[in-house]
Amino acid sequence: MLYRRFGRTELQMPVFSCGGMRYQFKWQDVPNSQIPADNQANLEATIKKALEVGINHIETARGYGSSEMQLGRILPKFPREKLIIQTKVNPKEDAKEFREYFEKSLAYLQLDYVDLLGLHGINTPEILDYCIRPGGCLDVVRQLQAEGKVRFVGFSTHGPTDVIVETIKTNQFDYVNLHWYYINQWNWAAIAAANYHDMGVFIISPSDKGGLLYKPPQKLVNLCAPLSPMVFNDLFCLSHPQVHTLSLGAAKPEDFDEHLKTLELVDRASEILPPILARLEAEAIATLGEDWVKTWEDNLPALNQTPGEVNIRVILWLWNLAIAYDLVDYGKMRYNLLGNASHWFPGNKGDRLNELDLHQCLANSPHADKIPKILQKAHQLLVGEELKRLSER
């Protein structure tokens, strides 16, 4: 395993972390007695495999249903000082409620303290205010730190880059969990800000939200050769020293195997990646056109300036990925969250385009005439059953 200094925490963080949202029994709390023996055995085997290969950072959340409870049945069996345990709790308007949720997490984990506590989902200015205002959630965290129940505090986010940067600039957090990988590099400014403040940088779900790379389309397999798309994406992320760890949402022990192939390649990333990156860009240009590839995002309206809050940027992005790399299944998965995932994935689908006039909001776009037609095509390609976030299913 390779390790990187996790910002000002000074923790030696493995470059892969064991995320805890794929192996649990249910997305809701259930009595211990209801957890099937085979499910618990699989979870314990997954944790043992993680530790065997040097992945000692185990990450979960209060919102991951039975994950914490199930982890609490195995984590106390290992030397505590050799583990880095992170859980996450959603900020609450009432900070006392936030503390109650954290205490439940700690009790389920059967630990005296967590190394990392993440404020889960600082996605909007309002939620940030819950955290940083006097008497807010961060004041509770400072109390927990004084009591020895929390070592370091960070935040996780699915929010827009400006909200992430604003949160980082408070300089109240030791690390950040955020999205950034090959197909979505929008948050680089946030990573740069985190590095400036010497924060740890944890990448959320690079294999799932980064393209459903555990079941990639053949076109993407060909473009990423000789690497698998999963190893390519891992290597792309880890080739940037500003990134410290990638979350692997393992569902079973074997799920680590493909990722581990990346480790021996990290020192050679500068020679391995350029040909693959060039092929990926060339294919996007060949299928979408160079002008579109280089300027499609220019002067797009903000969500609150768009009729019907149609998430134009995200829909065009998913269209690009579907056409250039055959990431249609990924596009469907993300597209059908629109309108159903609140601030975790905001905005709406293009299902009401015939009722909306987008011309004014697109007036400054170099592709103003094309975009409404592309939005319609994207809707036809990607629409399917409405989805909810995993924790709400």
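The values are calculated or read from the model by the stated rules, or taken from the named source; none is laboratory data. Just so you know, these numbers come straight off a predicted model, no measurement behind them. Glycine gets a Cβ as well: all are built from the backbone with ideal geometry, and neighbour counts include every protein chain shown. Calculation scope for accessible area: heavy atoms of the full protein, side chains included, ligands and nucleic acids excluded. Shrake-Rupley method; radii C 1.70, N 1.55, O 1.52, S 1.80 Å.
Can you list the strands (runs of 3 or more DSSP E) found entirely within segment 142-230 that contain at least 3 residues being in contact with a helix residue (DSSP H, G or I) (Cβ under 8 Å, 6 or more places away or on another chain) and farther than 18 Å from E10 by Cα? Walk me through how you get there before you give the answer.
Working: elements: 150-156, 175-178, 200-203.
Qualifying strands (runs of 3 or more DSSP E): none found.
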Could you check Y175 against (1) more than 17 Å from W344 (Cα to Cα); (2) without any contact (Cβ under 8 Å) to a residue 60 or more places away in the chain and say which number it fails? (2)
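Take the conditions at pLDDT 95 or above, farther than 23 Å from M13 by Cβ and part of a helix (DSSP H, G or I) and apply them to L265. Does it pass? I'd like the intermediate steps shown before the answer.
Values: at pLDDT 95 or above: yes; farther than 23 Å from M13 by Cβ: no; part of a helix (DSSP H, G or I): yes.
Against the criterion (at pLDDT 95 or above, farther than 23 Å from M13 by Cβ and part of a helix (DSSP H, G or I)), L265 does not qualify.
Rundown of residues vs (1) modelled with pLDDT under 95; (2) part of a loop (DSSP other than H, G, I, E, B), yes/no style:
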{"residue": "N340", "(1), (2)": "yes, yes"}
{"residue": "G350", "(1), (2)": "yes, yes"}
{"residue": "D357", "(1), (2)": "yes, yes"}
{"residue": "C361", "(1), (2)": "no, yes"}
{"residue": "N364", "(1), (2)": "no, yes"}
{"residue": "H367", "(1), (2)": "no, yes"}
{"residue": "I374", "(1), (2)": "no, no"}
{"residue": "K377", "(1), (2)": "no, no"}
{"residue": "K388", "(1), (2)": "yes, yes"}
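Would you confirm, using the coordinates I've provided, whether D326 is open to solvent by 20 Å² or more (accessible area, probe 1.4 Å), in contact with a helix residue (DSSP H, G or I) (Cβ under 9 Å, 6 or more places away or on another chain) and at negative phi? So that I can check it myself, show each step before the final result.
Values: open to solvent by 20 Å² or more (accessible area, probe 1.4 Å): yes; in contact with a helix residue (DSSP H, G or I) (Cβ under 9 Å, 6 or more places away or on another chain): yes; at negative phi: no.
The answer is no for D326.
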K92 vs (1) open to solvent by 10 Å² or more (accessible area, probe 1.4 Å); (2) farther than 30 Å from R133 by Cα: all pass except (2)
Which residue pairs have Cβ atoms closer than 7 Å, lie 6 or more positions apart in sequence or on different chains, and pair a first residue in segment 243-270 that is more than 20 Å from K48 (Cβ to Cβ) and among the charged types (D, E, K, R) with a second residue that is open to solvent by less than 40 Å² (accessible area, probe 1.4 Å) and part of a helix (DSSP H, G or I)? K261/V231
Does segment 196-207 include one or more residues that are in contact (Cβ under 8 Å) with a residue 60 or more places away in the chain, more than 15 Å from S17 (Cβ to Cβ) and either within 14 Å of the chain's Cα centre (by Cα) or open to solvent by less than 20 Å² (accessible area, probe 1.4 Å) (or both)? yes
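Please go through segment 110-123 and pick out each residue that is out of contact with any strand residue (DSSP E or B) (no Cβ under 7 Å at 6 or more places or on another chain) and either under 27 Å from G159 (Cβ atoms) or crowded, with 19+ Cβ neighbours inside 10 Å (or both).
Once the filter is applied, which keeps residues that are out of contact with any strand residue (DSSP E or B) (no Cβ under 7 Å at 6 or more places or on another chain) and either under 27 Å from G159 (Cβ atoms) or crowded, with 19+ Cβ neighbours inside 10 Å (or both), segment 110-123 yields only N123.
Among the residues of segment 188-215, how many are touching a Leu at 6+ places or on another chain (Cβ under 7 Å) and among the small types (G, A, S)? Steps first, answer last, please.
In the first step, residues of segment 188-215 are kept if they are touching a Leu at 6+ places or on another chain (Cβ under 7 Å); the result is 190, 203-204, 206-207, 211.
After this cut, where a residue has to be among the small types (G, A, S) as well, the list is 190, 207, 211.
Selection size over segment 188-215: 3.
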Of the residues in segment 1-45, those that are part of a helix (DSSP H, G or I), among the hydrophobic types (A, V, I, L, M, F, W, C) and either touching a residue at least 60 places away in the same chain (Cβ under 8 Å) or open to solvent by 40 Å² or more (accessible area, probe 1.4 Å) (or both) come to A37, A41, A45
Specify the residue that is farthest from L382 (Cα to Cα); the eligible residues are those in segment 305-332 that are among the hydroxyl-bearing types (S, T, Y) and part of a helix (DSSP H, G or I). Y325
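Identify the residue in segment 274-304 that is in a helix (DSSP H, G or I) and at pLDDT below 95 and, among all such residues, is surrounded by the most Cβ atoms within 10 Å (Cβ to Cβ). Before you say what the answer is, go through the steps one by one.
Within segment 274-304, the subset in a helix (DSSP H, G or I) is 274-288, 290-295, 303-304.
Within this subset, residues satisfying the condition of being at pLDDT below 95 are 303-304.
Details: L303: 16, N304: 8.
It comes out as L303.
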Of the residues I164, I132, which is at pLDDT 95 or above, open to solvent by 10 Å² or more (accessible area, probe 1.4 Å) and in contact with a Ser or Thr (Cβ under 6 Å, 6 or more places away or on another chain)? I132
Before we move on, is Q110 among the polar types (S, T, N, Q) and within 18 Å of the chain's Cα centre (by Cα)? no
How do the pairs read when you match residues in segment 144-164 that are on the phi > 0 side of the Ramachandran plot and in contact (Cβ under 8 Å) with a residue 24 or more places away in the chain with residues anywhere that are outside any strand (DSSP E or B) and not aliphatic (A, V, I, L, M), using Cβ under 6 Å and keeping only pairs 6 or more apart or on different chains? G148/Y113
